[in-house]
Amino acid sequence: MVNLSVSWAEQFMSANPNFSVQITGGGSGIGIAGLINGTSSIANLSRVLRKSEIEAARQRNILLKSYHVAYDGIAIAVHPSNPVDSLTIDDLRDIYTGKKNNWKDFGGADQNINVYGRESSSGTYEFLKNLILGKDSSGRAIEFSSAILVLQGTAQASEVIRRDRDGIVYGGLGYFVRGEGHKLLGIKKNAKEPAVFPTNGKKINNESIRKGIYSLARPLFCYTAAPEQPEMITYINYILSPEGQAIVREMEYIPVD
């Protein structure tokens with residue numbers, strides 16, 4: 001959410017010169033830790049809170065308050081030369097756990113798959129781990145393969161897939177929708193269901209993401225610690241205003257209803 005947050009802050013300060021809003025990136029885990037530790041006023045998360053984070057706030061007598069500020073879709077991208085057009089959720093699980101590592105298993109060329117991912121502090125990492133990998137029969141969380149090549153951000157993800165004909169990468173849809181040099185895959189809930197694509201040409205399928213028809217859709221949140229100062233409420237109200245939501249649309253995210 002860092003680029004979206006910077007745009008909100010810039011536009012807000014332009015209209016309200018007496019306010020100062022400073023943005024720091026690093027991932028959802030870094031953001032919520034800063035809020036709980038008192039070094040941040042707002043934590044922007046692309047996932048729901050972990051139980052450990054809720055408990056950490058409770059131990060400090062901090063009441064966390066959430067604001068649903070936008071929707072996002074997670075894009076699964078490959079090189080344009082890759083003949084594979086869609087994958088199922090099970091296919092993604094097999095790829096990201098390392099169970100299958102050749103494109104021929106999915107209708108592609110007989111080439112090893114180069115799998116790229118994000119660092120563990122990323123909300124996108126956490127979201128996909130919960131949604132795609134899930135838990136084993138004993139209730140233990142399934143882990144990503146240790147062979148995954150870790151990237152520091154989605155901007156880097158959109159760059160690397162342009163150069164790697166055998167790669168697969170995930171990231172926020174807004175980073176990919178207008179770019180060139182990659183192909184976004186359709187996602188099937190299972191082998192019998194039709195593939196749902198996150199975009200139609202260069203346009204995001206807003207309703208498919210807002211309604212969860214696209215399987216890799218997610219809400220985006222701002223978290224604060226109550227009681228909030230008046231200037232905090234002013235800023236959050238701006239984010240949720242028509243002006244703030246227009247920025248959401250301009251940044252290729254999906255506004256809240």
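The values are calculated or read from the model by the stated rules, or taken from the named source; none is laboratory data. Because the structure is predicted, anything quoted here is derived from the model rather than measured. Please note: Cβ atoms are built from the backbone with ideal geometry, for glycine as well, and neighbour counts cover all protein chains shown.
Looking only at segment 78-104, residues that are assigned to a loop (DSSP other than H, G, I, E, B), touching a strand residue (DSSP E or B) at 6+ places or on another chain (Cβ under 6 Å) and among the small types (Gly, Ala, Ser) come to 0 in all. Considering Ile233, Ile142, Ile148, Ile239, the condition of being of a type in the set (Val, Ile, Thr) and in contact (Cβ under 8 Å) with a residue 60 or more places away in the chain is satisfied by Ile239 alone.
Considering every residue within segment 105-114, establish whether at least one is farther than 26 Å from Asn206 by Cβ, in a helix (DSSP H, G or I) and out of contact with any strand residue (DSSP E or B) (no Cβ under 9 Å at 6 or more places or on another chain). There is at least one residue in segment 105-114 that is farther than 26 Å from Asn206 by Cβ, in a helix (DSSP H, G or I) and out of contact with any strand residue (DSSP E or B) (no Cβ under 9 Å at 6 or more places or on another chain). Looking across segment 211-257, the residues that are among the acidic types (Asp, Glu), in a helix (DSSP H, G or I) and over 19 Å from Gly171 (Cβ atoms) come down to Glu231, Glu243. Residues of segment 79-119 that are farther than 13 Å from Val169 by Cα and small (Gly, Ala, Ser): Ser81, Ser86, Gly98, Gly107, Gly108, Ala109.
Are any of the residues in segment 233-254 touching an Asp or Glu at 6+ places or on another chain (Cβ under 7 Å), among the hydroxyl-bearing types (Ser, Thr, Tyr), closer than 19 Å to Ser46 by Cα and surrounded by 13 or more Cβ atoms within 10 Å (Cβ to Cβ)? Checked segment 233-254: at least one residue is touching an Asp or Glu at 6+ places or on another chain (Cβ under 7 Å), among the hydroxyl-bearing types (Ser, Thr, Tyr), closer than 19 Å to Ser46 by Cα and surrounded by 13 or more Cβ atoms within 10 Å (Cβ to Cβ). Screening Lys104, Lys129 for residues that are without any contact (Cβ under 8 Å) to a residue 24 or more places away in the chain and either assigned by TED's automatic domain parsing to the domain that holds Gly27 or over 18 Å from the mean Cα position of the chain (by Cα) (or both) leaves exactly one candidate, Lys104. Tell me whether segment 190-203 contains one or more residues that are in contact with a Pro (Cβ under 7 Å, 6 or more places away or on another chain) and assigned by TED's automatic domain parsing to the domain that holds Asp85. Looking through segment 190-203, none of the residues is in contact with a Pro (Cβ under 7 Å, 6 or more places away or on another chain) and assigned by TED's automatic domain parsing to the domain that holds Asp85. Just one of the listed residues (Ala70, Ala75) is assigned to a strand (DSSP E or B), closer than 19 Å to Gly117 by Cα and either β-branched (Val, Ile, Thr) or under 21 Å from the mean Cα position of the chain (by Cα) (or both), and it is Ala75.
The combined condition, being under 20 Å from Ser158 (Cβ atoms) and without any contact (Cβ under 8 Å) to a residue 40 or more places away in the chain, is fulfilled by Ser5. Residues of segment 170-210 that are charged (D, E, K, R) and part of a strand (DSSP E or B): Lys183, Lys188, Lys203. Condition check for Thr39 on (1) in a loop (DSSP other than H, G, I, E, B); (2) modelled with pLDDT under 90: one failure, at (2). Could you tell me whether segment 135-154 includes any residue that is charged (D, E, K, R), surrounded by 17 or more Cβ atoms within 10 Å (Cβ to Cβ) and not in a strand (DSSP E or B)? Checked segment 135-154: no residue is charged (D, E, K, R), surrounded by 17 or more Cβ atoms within 10 Å (Cβ to Cβ) and not in a strand (DSSP E or B). Within segment 1-36, the set of residues being assigned to a loop (DSSP other than H, G, I, E, B) and among the β-branched types (Val, Ile, Thr) comprises Val21, Ile23, Thr24. If you scan segment 111-138, which residues turn out to be among the charged types (D, E, K, R) and under 16 Å from Ser52 (Cβ atoms)? Scanning segment 111-138 gives Glu126, Lys129.
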